[in-house]
Amino acid sequence: MGSVSKNTKPVIALVVEGAYPYRRGGLSNWIQDFIKGMEAYSFYLITIVDRRETCGSWVYELPQNIIGLQELVLEGMFLEEEEVGWGFSSNPEQWLVELMDLETSSLTSTRKALRSPRVFSDLFQWIKYTYPNAAFIPLYRQLQALFGNLLDLLAQIILPEHLHCIHALSTGYAGYLAAYLARKLRCLFVLSEHGLYLLEKEEVLSRSSQLSPAQKDCIRWFFVEMSRISYGQARTVTTLFKEAQKHQVQLGCPVSKCQVVPNGLIWKDWREVQRQTDNQKLQIGAILRWTPLKNVLELLFIHANLCRKGYLVTLVILGATEDLTYWEVCQAAILRWHIPRVEIQGHCCVQDYLVHWTCLVLPSLSEGQPLALLEAMAAGIPCVASDVGSCHQLLCQDLEGRVPAGICVRPGDREGFVQALMQILDNPELGVQMGQAGRRQVQDFYQQEQVLAAYQRIYEVD
């Protein structure tokens, strides 16, 4: 059992899935700045990774107030030989609920029992009743994998002592694991959603050609149920914007638990960063990770269409390569379609590039409250973004009497993006007005001090 009792500050166990400190991006940057800013607390980091090779491959220097880190591997755990045991009912729909009360000493034997004749019989009856027209074996293996991965994670946990709070930064595995820990340790549980985990999971499922419709539906059920359990166990559930909160409530989260805590920037880092409006070179820029959800391929074709219309514009892309296969598809598209003037800079200091941009483009299929937009707005850069997440709200598209900070476009509407960019490129004065409106918006409503104060109030609830 891990001990943090020698620490004099209140300890927050931060549970993260598939991001910090292994992968750069909006959420990881938020976590790094958040931990540094919360100097009155110490943090015990519990991270969930997809494979053992990822362990230890950190891309951030961990802040000094992180006093411990445990890495949990989602797949491939070695299970020692133990007596097979199974403490659940015969109804698989109740297993996630019943698992919350399972003792940690029983997790490994329960994992092995997934291959027992009794569990086979229970799943056979449930699958035939729930999916009467689906093939049994693929669904049986799917459920074995889902429950097995979860039991693997829980069995790896070393429960820390003397925690003040457990704070999960998503639903999914992180949210469920945090709910399980909080129940065992009888401590405060805070759940935060930056993006909507279930919507992003749905986007991934919709693109999968290897899973049958019944398998996809089964995966949806599993993650929806984990989310509902996490909402039920949490004392406070935060999100970045009001529309996301409505989604949480629809899934069963009590309104009384919900709070909106927007993202924020450290303003002193941005006070002197402003767009150079006298720059004659046209540049549109993007800050993103190379993944299908960020829709980078579509961004390339949007740029290509602008070039075909005669605009001498350069596309500058900043951000880490997360999905190597997708990155290679995008590179092939640049060569095959002869897309000109594309500069790929990788991970770098965005402030060095933003000041030279005419406009920022964000064609994502899914977002929460993107830090890329806030950074561009802070630098006085007008933005064209997909109408997803809180982009519409950030750019003030609906507020009468307020100059918008950019233009929102329906995701996937290539011509809509092209027309919006042409509107800004053809009217430099409009771009300046939008940029200054965005800068004022960040100054007034999106500063990190406000974020830190909000979470300090949440942590100190009796």
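Please find, within segment 103-134, the residue that is most open to solvent (accessible area, probe 1.4 Å) out of those that are polar (S, T, N, Q) and in a loop (DSSP other than H, G, I, E, B).
The qualifying residue most open to solvent (accessible area, probe 1.4 Å) is 133.
From the residues in segment 246-268 that are without any contact (Cβ under 8 Å) to a residue 12 or more places away in the chain and not polar (S, T, N, Q), which one is least open to solvent (accessible area, probe 1.4 Å)?
249
Rundown of residues vs (1) among the β-branched types (Val, Ile, Thr); (2) surrounded by fewer than 20 Cβ atoms within 10 Å (Cβ to Cβ); (3) touching a Pro at 6+ places or on another chain (Cβ under 7 Å), yes/no style:
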| site | (1), (2), (3) |
| --- | --- |
| 186 | no, yes, no |
| 195 | no, no, no |
| 204 | yes, yes, no |
| 226 | no, no, no |
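Of all residues in segment 365-381, count the ones that are in a loop (DSSP other than H, G, I, E, B), within 22 Å of residue 245 (Cβ to Cβ) and at pLDDT 95 or above.
The qualifying residues number 0.
The rows are residues; the columns are (1) closer than 19 Å to residue 190 by Cβ; (2) modelled with pLDDT of 90 or more; (3) open to solvent by less than 50 Å² (accessible area, probe 1.4 Å).
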position	(1), (2), (3)
18	no, no, yes
34	yes, yes, yes
66	yes, yes, yes
83	no, no, no
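Among the numbered criteria (1) under 25 Å from the mean Cα position of the chain (by Cα); (2) in a loop (DSSP other than H, G, I, E, B), which single criterion is violated by residue 311?
It is condition (1) that residue 311 fails.
Would you mention how many residues in segment 27-56 are outside any helix (DSSP H, G or I) and basic (Lys, Arg)?
Adding up the residues that qualify gives 1.
When you scan segment 270-285, how many residues do you find that are surrounded by fewer than 22 Cβ atoms within 10 Å (Cβ to Cβ) and either touching a residue at least 60 places away in the same chain (Cβ under 8 Å) or not acidic (Asp, Glu) (or both)?
11
Among the numbered criteria (1) assigned to a helix (DSSP H, G or I); (2) surrounded by 15 or more Cβ atoms within 10 Å (Cβ to Cβ), which one does residue 98 miss?
Condition (2) is where residue 98 drops out.
For segment 412-433, what are the residues that are open to solvent by less than 10 Å² (accessible area, probe 1.4 Å) and within 29 Å of the chain's Cα centre (by Cα)?
417, 418, 420, 421
The values are calculated or read from the model by the stated rules, or taken from the named source; none is laboratory data. This one's a predicted model, so the numbers in the text were calculated from it and none came from an experiment. Here the Cβ is made from the backbone with ideal geometry for all residues, glycine too, and neighbour counts use every protein chain on show. For accessibility, only protein heavy atoms count, side chains too; no ligands or nucleic acids. Shrake-Rupley method; radii C 1.70, N 1.55, O 1.52, S 1.80 Å.
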